[in-house]
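Asker: Dropping a structure here in structure tokens format, bear with me for questions.
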Amino acid sequence: MAVLVAGRFRLDLAQPLVMGVVNVTPDSFSDGGKFFDPKAAVAHAVNLDADILDIGGESSRPGALPVSAQQEMDRILPVLEGLKGVEKPISVDTRRPEVMQAALRAGASMINDIEALQAPGALDAVANSRCAVCLMHMKGEPATMQKDPHYDDVVGEVLGFLKERTQVAMQAGIAQERIVIDPGFGFGKTVAHNMEVLRNLARFKALGVPILAGWSRKSTLGKLTGRPAEERLAASLAAALLALQGGATILRVHDVKETRDVIAVWRAYRQ
Ligand code: 7PJ
């Protein structure tokens, strides 16, 4: 578990990595519309100075409606094209196998799938390449997932799901060193569910693959602080620190520079 293989990249996991969010959507909850223009998205991506860039063309915020595969590709492909000269792994946030294939052809090195490769053809799309993949847990669908989600044992259920998806991915031919797991904070989970998973994050280390955590500006932080998305930086950094302490090795964030400072403090504390 010392490296993550992502296409032509081998990412050292000895230190935490920062994945910078680049939404190319008109409606994402925190920066929707800002980088909808491909040129603006490319400039933003380069500016972020992240270890991995995560390009998304479908908003998966609670209540968001699905877009067509064609729309997703029309949003993502010009950004991948514009990032061709950037020597950095690029992840594409998608659930659709046809978008995965097009993105991988266009130079993406990682697929970030909030459905953990459950769509028909998604396992093959990833297995037939050398890219990395993030398998995330979500209960329900973005359109309805925050409507009264229920679990008997949230940690056990999320852990069981990710264990099963990791096994299925490996059986399909995706090597363990290409796989990342993510409990999916905010995806069909209440504030209490998110906190219970965060408190028990170390249990996910048993799966033997790196853990990615996405807390940046999420609505749970809004509920806890009473603040709108653009004022959730401090809360996001607090959650990032707790995720690091629980064993997360990749942090998916909007605010890369500030998150690097959290990592610096955490690393010194850990020495
Ligand atoms: C996540 C994601 C996350 C992974 C989004 C947002 C909503 N992918 N895509 N994990 N969140 N792997 O940016 O808050 O938490 S979209």
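The values are calculated or read from the model by the stated rules, or taken from the named source; none is laboratory data. Owing to the predicted nature of the structure, the values given are computational and were not obtained by experimental measurement. Cβ sites come from the backbone with ideal geometry, for glycine too, and all protein chains shown count toward neighbours. Just the protein is used for accessible areas: all its heavy atoms, side chains included, with ligands, DNA and RNA removed. Shrake-Rupley method; radii C 1.70, N 1.55, O 1.52, S 1.80 Å.
Asker: Identify the residue in the stretch 212-251 that is open to solvent by 20 Å² or more (accessible area, probe 1.4 Å) and near the ligand (Cβ under 10 Å from one of its atoms) and, among all such residues, is farthest from Q15 (Cα to Cα).
Answerer: S219
Asker: I'd like the full set of residues that are under 19 Å from the mean Cα position of the chain (by Cα) and crowded, with 21+ Cβ neighbours inside 10 Å, limited to the stretch 146-165.
Answerer: Selection gives V158, L162, R165.
Asker: Let me ask something additional. Would you pick out the residues in the stretch 90-125 that are away from the ligand (no atom under 16 Å from the Cβ) and either surrounded by fewer than 24 Cβ atoms within 10 Å (Cβ to Cβ) or not hydrophobic (A, V, I, L, M, F, W, C) (or both)? Give the derivation first.
Answerer: Here is the first cut: in the stretch 90-125, the residues away from the ligand (no atom under 16 Å from the Cβ) are 97-98, 101-102, 104-107, 120-121, 123-125.
Listed by number, the residues that qualify are P97, E98, Q101, A102, L104, R105, A106, G107, P120, G121, L123, D124.
Asker: Right, here's the next one. Would you check which residues across the stretch 168-210 are farther than 24 Å from A14 by Cα and loosely packed, with under 14 Cβ neighbours inside 10 Å and list them?
Answerer: Q171, G173, A192
Asker: May I ask you to say which residue of V42, V79, V46, V67 is more than 14 Å from I250 (Cβ to Cβ) and part of a loop (DSSP other than H, G, I, E, B)?
Answerer: Details: V42 fails: part of a loop (DSSP other than H, G, I, E, B); V79 fails: part of a loop (DSSP other than H, G, I, E, B); V46 fails: part of a loop (DSSP other than H, G, I, E, B).
Unique residue meeting the criteria: V67.
Asker: For the stretch 252-261, name all the residues that are more than 11 Å from the ligand (Cβ to nearest atom) and either polar (S, T, N, Q) or open to solvent by 20 Å² or more (accessible area, probe 1.4 Å) (or both).
Answerer: Initial filter on the stretch 252-261 (more than 11 Å from the ligand (Cβ to nearest atom)): 255-261.
Selection gives D255, K257, E258, T259, R260, D261.
Asker: Please go through (1) closer than 19 Å to I55 by Cα; (2) in a loop (DSSP other than H, G, I, E, B); (3) touching a residue at least 60 places away in the same chain (Cβ under 8 Å); (4) not charged (D, E, K, R) for A116 and return the number of the only condition it doesn't satisfy.
Answerer: (3)
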